[in-house]
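S.K.: This structure is in C-alpha cells; I'll ask about it shortly.
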Amino acid sequence: MRPYTEADKARCQAIFDDCVSEFTWLNTPKPAPRIWADDRQKVTTWVADVEAGDSDRVIGFLMMSGRNAYVNYLLVERDWRLCGVGQGLVDVARDAAGVPLSLDVDEENTRALSAYRAMGFAPLRTERAEGRRLVRLESI
C-alpha cells in the first residue's frame, strides 16, 4: 500500500473501467475521476500493488476526499478480491484520516455491502439519490 503517483493513472483507470462495467444496475456508466490526487482539493488516493517481474503492478485503489474522510472509491482487480487488498487499503486510509471513514454503496451492490460489513463498516441510513437507493456506511 502506498500513495498514488501519476504513473499509476492508466492502471487505476483500467481497474475503474473494469469494476464499473459490473455495475449493471446503473442506467449510465459512472465517469472516471477527473482528479486522482490533489492536496488542494483534499483528494487522496492510495494504491495496492504487487511485484510483477521487474516492476510493480497496481491491483486496487482507494480514493478519499475531504476532511470528513469520505471514500469515493474502493476498487480491487477481480483476481485479487477477497485476498485482503481492500482491507489493507481501508486500514491505511483510516490511519491517515484519524477518524471513521464513510461511504455510500448502491443497495443493489450486495457483494460490496457484504464486503464493507466484513471490513468493519456499519450502515447508518439509506437514502434516495439519482433514482437509486444508497446505503451510507461508516467504519467502526
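S.K.: Looking for whichever is within 12 Å of the chain's Cα centre (by Cα) and either surrounded by 15 or more Cβ atoms within 10 Å (Cβ to Cβ) or closer than 27 Å to T5 by Cα (or both) here; the options are G84, G120, G88. Which one fits? Write out each step before concluding.
M.R.: Working: G84 fails: within 12 Å of the chain's Cα centre (by Cα); G120 fails: within 12 Å of the chain's Cα centre (by Cα).
Answer to the check: G88.
S.K.: For V58, only one of the following conditions fails: (1) open to solvent by less than 20 Å² (accessible area, probe 1.4 Å); (2) in a strand (DSSP E or B); (3) more than 13 Å from I15 (Cβ to Cβ). What is its number?
M.R.: (3)
S.K.: Within segment 105-116, count every residue that is in contact (Cβ under 8 Å) with a residue 12 or more places away in the chain and either exposed (fewer than 12 other Cβ atoms within 10 Å of the Cβ) or touching a strand residue (DSSP E or B) at 6+ places or on another chain (Cβ under 8 Å) (or both). So that I can check it myself, show each step before the final result.
M.R.: Within segment 105-116, the subset in contact (Cβ under 8 Å) with a residue 12 or more places away in the chain is 105-109, 113, 115-116.
Imposing the further condition that a residue be either exposed (fewer than 12 other Cβ atoms within 10 Å of the Cβ) or touching a strand residue (DSSP E or B) at 6+ places or on another chain (Cβ under 8 Å) (or both) reduces the set to 105-108, 113, 116.
Going through segment 105-116 one residue at a time, the tally reaches 6.
S.K.: Here's a follow-up. Does L75 meet the test of being in contact with a Cys (Cβ under 6 Å, 6 or more places away or on another chain), of a type outside the set (F, W, Y) and surrounded by 12 or more Cβ atoms within 10 Å (Cβ to Cβ)? Step through it out loud before you land on a result.
M.R.: Numbers: in contact with a Cys (Cβ under 6 Å, 6 or more places away or on another chain): yes; of a type outside the set (F, W, Y): yes; surrounded by 12 or more Cβ atoms within 10 Å (Cβ to Cβ): yes.
Judged against the criteria, L75 is a match.
S.K.: Condition test on E138, is it of a type outside the set (F, W, Y) and in contact with a Ser or Thr (Cβ under 6 Å, 6 or more places away or on another chain)? Before the answer, list the steps.
M.R.: Numbers: of a type outside the set (F, W, Y): yes; in contact with a Ser or Thr (Cβ under 6 Å, 6 or more places away or on another chain): yes.
Criteria met by E138.
S.K.: Among the numbered criteria (1) closer than 22 Å to A115 by Cα; (2) modelled with pLDDT under 90; (3) open to solvent by 70 Å² or more (accessible area, probe 1.4 Å), which one does D95 miss?
M.R.: (2)
The values are calculated or read from the model by the stated rules, or taken from the named source; none is laboratory data. These figures come from a predicted structure and were not determined experimentally. Here the Cβ is made from the backbone with ideal geometry for all residues, glycine too, and neighbour counts use every protein chain on show. Accessible surface areas use protein heavy atoms only, side chains included; no ligands, DNA or RNA. Shrake-Rupley method; radii C 1.70, N 1.55, O 1.52, S 1.80 Å.
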